[in-house]
Every structure is written in structure tokens, then in C-alpha cells.
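*Asks:* Structure incoming, see below.
The values are calculated or read from the model by the stated rules, or taken from the named source; none is laboratory data. As the structure is a prediction and not an experimental result, all values here were calculated from the model. Reconstructed Cβ throughout: ideal geometry from the backbone, glycine too, with neighbour counts over all protein chains shown.
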Amino acid sequence: MLEVVKKLNWKSLFNIAVMIFSIILMIYFVISKDGLLDLLRSDLKISVFWVSMAFAFQFLNYLLDSYLIYIFVKRTVPEFKFKSAFKVSMVGQFFSAVTPGASGGQPMQIFMLNQYGISIATATASQIQKFLVYQSTLVLYSIFAIFIRFNYFKENLEPYIWILALIGFITQAIVIVFILLVSYNRGLTHKILSWGFKLLGKLHIVKNPQKKMEDFSNQLDVFHKHNKEMFKSVKFVIKAFSAMIILLTIVYIMPFFIYKSFYSDGTESVINMLCSQSFVSMVSSLVPTPGASGAAELSFGIFFGGTFTATTMKSAIVLWRTTTYFVTIIFGVPFARLSKKLSYTKTESKEEFVQRETENIKK
């Protein structure tokens with residue numbers, strides 16, 4: 001037991017602590033006054049149909065995320081299969097849920113893609129392209145929400161909450177600008193990486209940083225080549241953004257299903273609830289805990305305070321977090337065990353793939 005504890009670093013201990021906190025928080029929402037147990041004992045019936053819709057849409061979210069990974073990778077690797085994209089998606093979903101600020105999701109997806117014989121540069125380019133589309137769509141959704149619900153939030157929320165939402169929006173916009181600069185400006189990317197390798201060399205984390213940078217140069221060329229090619233196809237860009245809009249709508253409509261499960265005859269506007277969830281995402285994204293634990297529950301209670309009553313709010317949070325967060329962890333566990341054995345495409349070996357990529361660079 002002591003050996004296991006010694007092997008855990010502070011990051012692992014932090015993640016474990018946050019997960020325990022999240023579980024305790026959910027238990028509190030279940031057993032406390034006006035919690036889920038009290039709701040189940042009351043005369044208010046929970047609609048199984050609407051709760052099932054929430055779960056169904058969460059799995060639809062997984063499929064659509066898999067589709068986006070599939071189309072971004074298939075542009076440069078025609079042999080890539082949707083089944084593989086689904087596995088990559090679930091690996092990302094799981095590690096995003098259990099790491100601070102969802103920081104582990106994309107690196108593990110890139111690693112998984114590399115297991116399928118896809119070069120690190122190509123895998124990274126596809127994931128950054130997808131992330132760029134995601135962030136851009138997120139900002140557009142946020143702008144829409146701000147315009148639609150500006151007066152409501154301004155009148156009904158404390159000023160500091162409104163400020164946090166705006167900070168979240170600005171942060172998302174800055175991330176997009178940074179990604180664009182790094183993805184399409186090779187000179188800037190080279191300077192950033194060169195500086196990074198030199199720093200790691202001085203800290204004795206990386207040996208021979210200059211050689212490491214030279215080895216990384218070809219991968220960097222592939223990375224920028226794929227990024228520039230993305231916007232050459234207007235049809236592809238429209239398809240990617242359309243799929244991402246649908247995906248975010250699926251994620252943001254979850255609270256509406258939870259609301260309908262309590263109030264089947266309720267008349268709360270779907271648009272208002274989509275906007276409220278957009279603000280929840282903006283605020284909770286500022287807190288770098290696994291699954292934005294703590295911040296997600298608090299911001300949900302704030303922005304949906306006018307939607308759910310005091311007797312249903314805790315239960316709503318439990319159902320919302322279960323369908324959007326805990327189910328992802330449970331369903332993603334089988335995919336978290338990554339194979340150490342490389343599994344290349346059936347039609348070309350790793351050597352053939354690298355040769356093809358090198359020829360593309362020369363062109």
C-alpha cells in the first residue's frame with residue numbers, strides 16, 4: 001500500500017481528491033433536504049422518458065464527436081475507420097473528464113491515433129483543427145447567448161457572476177487567436193518550440209535540446225501543411241462547423257431534458273436554456289479542476305436558478321452531472337486501457353506512411 005502511495009505524484013493525488021469531492025458533493029445533493037431522495041418521496045413524479053432522452057443525447061454526443069475525429073483524420077489518412085475514431089473519442093472523453101481543465105484528453109487522443117500508425121504531426125494537426133472549430137463554435141454560441149439573454153442576466157445576476165461569464169468568453173476568444181497563430185504561422189511556432197526546448201534543456205529535463213528540435217522540424221512541416229489545407233475545401237469547413245454546432249446543441253440541451261423530466265407540462269424556452277447552459281460552460285471553464293467539479297454545480301445553480309425551484313434544483317444538478325459527467329467516466333473506463341502494440345492501417349506500413357508524409361512535405 002505504501003509503495004502505491006509513493007508512486008502517486010501530486011497531480012494524481014489532486015485528481016483523486018477532486019473526484020472524491022465530486023462524489024461527496026453528489027451524495028450530499030442526493031441525501032440532503034430537498035435532495036433527490038426527498039424528491040422521490042414527494043408527489044412530484046420524474047419522467048423516465050425525459051431522463052432517458054438525456055442519456056440518449058449524451059451517447060449521441062459521443063457518436064458525433066467520433067464523427068468529427070473521423071472526418072478530420074480521414075482527410076489525410078483515407079484508411080482511417082469510424083470504429084477507430086469512436087475509440088479515440090472515448091479515450092479523449094475519459095481523460096478529459098478525469099484531468100484538470102480537460103488537459104489530458106487531446107494528448108491521449110494523439111497518442112491513440114499514433115497507435116493506429118498515424119504520425120504525431122498528422123494526429124496533432126487533426127486534433128488542433130478540430131479544437132479550433134470547437135473553440136470558434138463555442139465563441140459564436142457565447143456571442144449568441146450574450147445577445148439573447150444579456151438583459152435577463154444583467155438584471156437577475158450579481159455583477160461578479162456577469163464579470164466571470166465575460167472573462168470566460170474573452171478567454172475562449174484569446175485561445176482561438178493563439179491557436180490560429182501557432183497553427184498557421186510556422187515562424188512563430190518554431191520560435192515558441194525552440195524557446196521551449198532551450199528552457200527544458202537548461203532545466204535538465206531534455207537532453208540535447210537542439211537535436212530534439214531538429215528532429216521535430218519535419219513533423220512541424222507536416223503539421224502546418226495539413227492545417228493550411230483545411231480551409232482549401234469550403235465544403236469540408238461547412239460540414240465540420242455544422243457538425244460542431246449540432247454537437248454543442250446536444251450538450252447544451254441536456255438541462256432542458258432534466259427540466260422536462262420534472263415539469264412535463266413546463267413552458268420554459270429551449271433557447272433560454274441553451275443560452276443558460278452556454279453561460280454555465282463559460283464560467284465553469286475558468287476553474288481547472290477535473291470536470292470543473294464544484295464550479296459546474298455552482299454555476300448551474302446560479303444560471304438555472306429561475307428555471308428550477310428550491311425543491312428540484314439539487315436533484316436537477318445530480319441528474320445533469322450524472323448524464324453529462326459521471327456516465328462519461330463509467331463508459332470511458334474500458335477505453336482507458338491503451339494498447340502498447342502499434343496497429344497500423346491494413347493498406348500501408350508505418351515506413352510507407354512516413355515515406356508518403358515526407359513526399360507530401362517536399363511537394
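*Asks:* When you check residue 111 against the structure, is it in contact (Cβ under 8 Å) with a residue 40 or more places away in the chain and surrounded by fewer than 19 Cβ atoms within 10 Å (Cβ to Cβ), yes or no?
*Replies:* yes
*Asks:* Evaluate region 226-233: report whether one residue or more is surrounded by fewer than 18 Cβ atoms within 10 Å (Cβ to Cβ) and either touching a Cys at 6+ places or on another chain (Cβ under 8 Å) or modelled with pLDDT of 90 or more (or both). Break it down into steps so the answer makes sense when it comes.
*Replies:* Of all residues in region 226-233, those surrounded by fewer than 18 Cβ atoms within 10 Å (Cβ to Cβ) come to 228-229, 231-233.
Within this subset, residues satisfying the condition of being either touching a Cys at 6+ places or on another chain (Cβ under 8 Å) or modelled with pLDDT of 90 or more (or both) are none.
No; the residues of region 226-233 include none that is surrounded by fewer than 18 Cβ atoms within 10 Å (Cβ to Cβ) and either touching a Cys at 6+ places or on another chain (Cβ under 8 Å) or modelled with pLDDT of 90 or more (or both).
*Asks:* Being on the phi < 0 side of the Ramachandran plot, crowded, with 23+ Cβ neighbours inside 10 Å and out of contact with any strand residue (DSSP E or B) (no Cβ under 7 Å at 6 or more places or on another chain) narrows it down to one of 245, 258, 253, so name that one. Step through it out loud before you land on a result.
*Replies:* On the way: 245 fails: crowded, with 23+ Cβ neighbours inside 10 Å; 253 fails: crowded, with 23+ Cβ neighbours inside 10 Å.
Going through 245, 258, 253 in turn, just one is on the phi < 0 side of the Ramachandran plot, crowded, with 23+ Cβ neighbours inside 10 Å and out of contact with any strand residue (DSSP E or B) (no Cβ under 7 Å at 6 or more places or on another chain): 258.
*Asks:* Step by step: first the residues of region 284-300, then only those that are part of a helix (DSSP H, G or I) and under 15 Å from the mean Cα position of the chain (by Cα), then the one that is surrounded by the fewest Cβ atoms within 10 Å (Cβ to Cβ). Which residue is that?
*Replies:* Filtering region 284-300 down to residues part of a helix (DSSP H, G or I) leaves 284, 295-300.
After this cut, where a residue has to be under 15 Å from the mean Cα position of the chain (by Cα) as well, the list is 284, 296.
On the way: 284: 21, 296: 24.
The selected residue is 284.
*Asks:* For region 81-122, name all the residues that are over 15 Å from the mean Cα position of the chain (by Cα), over 19 Å from residue 63 (Cα atoms) and either in a helix (DSSP H, G or I) or not aliphatic (A, V, I, L, M) (or both).
*Replies:* Correct list: 111, 114, 115, 116, 117, 119, 120, 121, 122.
*Asks:* Name the pairs whose Cβ atoms lie under 6 Å apart, with the first residue in region 44-59 and part of a helix (DSSP H, G or I), the second charged (D, E, K, R), and 6 or more positions between them or separate chains?
*Replies:* From region 44-59, the pairs are 50/260.
*Asks:* Only one of 307, 267, 323 is polar (S, T, N, Q) and within 25 Å of the chain's Cα centre (by Cα); which? Even if it seems obvious, please write down each step before you answer.
*Replies:* Numbers: 307 fails: within 25 Å of the chain's Cα centre (by Cα); 267 fails: within 25 Å of the chain's Cα centre (by Cα).
Selected residue: 323, the only one of 307, 267, 323 that is polar (S, T, N, Q) and within 25 Å of the chain's Cα centre (by Cα).
*Asks:* I'd like to check something: does region 191-213 contain any residue that is on the phi > 0 side of the Ramachandran plot, at pLDDT 70 or above, surrounded by fewer than 16 Cβ atoms within 10 Å (Cβ to Cβ) and not in a helix (DSSP H, G or I)?
*Replies:* yes
*Asks:* Can you find even one residue in region 41-59 that is modelled with pLDDT of 90 or more, polar (S, T, N, Q), surrounded by 14 or more Cβ atoms within 10 Å (Cβ to Cβ) and over 16 Å from residue 330 (Cα atoms)? Even if it seems obvious, please write down each step before you answer.
*Replies:* Just the residues of region 41-59 that are modelled with pLDDT of 90 or more, to begin with: 49-59.
Those still in the list that are polar (S, T, N, Q) too: 52, 58.
With the extra rule that they be surrounded by 14 or more Cβ atoms within 10 Å (Cβ to Cβ), the set shrinks to 58.
If we keep only those that are over 16 Å from residue 330 (Cα atoms) too, we end up with none.
Scanning region 41-59, I find no residue that is modelled with pLDDT of 90 or more, polar (S, T, N, Q), surrounded by 14 or more Cβ atoms within 10 Å (Cβ to Cβ) and over 16 Å from residue 330 (Cα atoms), so the answer is no.
*Asks:* Taking region 308-350, which residues are of a type in the set (S, T, N, Q), surrounded by 18 or more Cβ atoms within 10 Å (Cβ to Cβ) and at pLDDT below 85?
*Replies:* Within region 308-350, 345 is the sole residue that qualifies.
*Asks:* Can you tell which of 310, 316 is part of a helix (DSSP H, G or I), among the small types (Gly, Ala, Ser) and farther than 19 Å from residue 172 by Cβ?
*Replies:* On the way: 310 fails: part of a helix (DSSP H, G or I).
That would be 316, the only listed residue that is part of a helix (DSSP H, G or I), among the small types (Gly, Ala, Ser) and farther than 19 Å from residue 172 by Cβ.
*Asks:* For a quick check of your reading of the model, give me the residue pairs whose first member lies in region 252-273 and is in contact (Cβ under 8 Å) with a residue 12 or more places away in the chain and among the basic types (Lys, Arg), whose second is surrounded by fewer than 17 Cβ atoms within 10 Å (Cβ to Cβ) and part of a loop (DSSP other than H, G, I, E, B), with beta-carbon atoms closer than 8 Å and at least 6 apart or on different chains.
*Replies:* 260/47; 260/266
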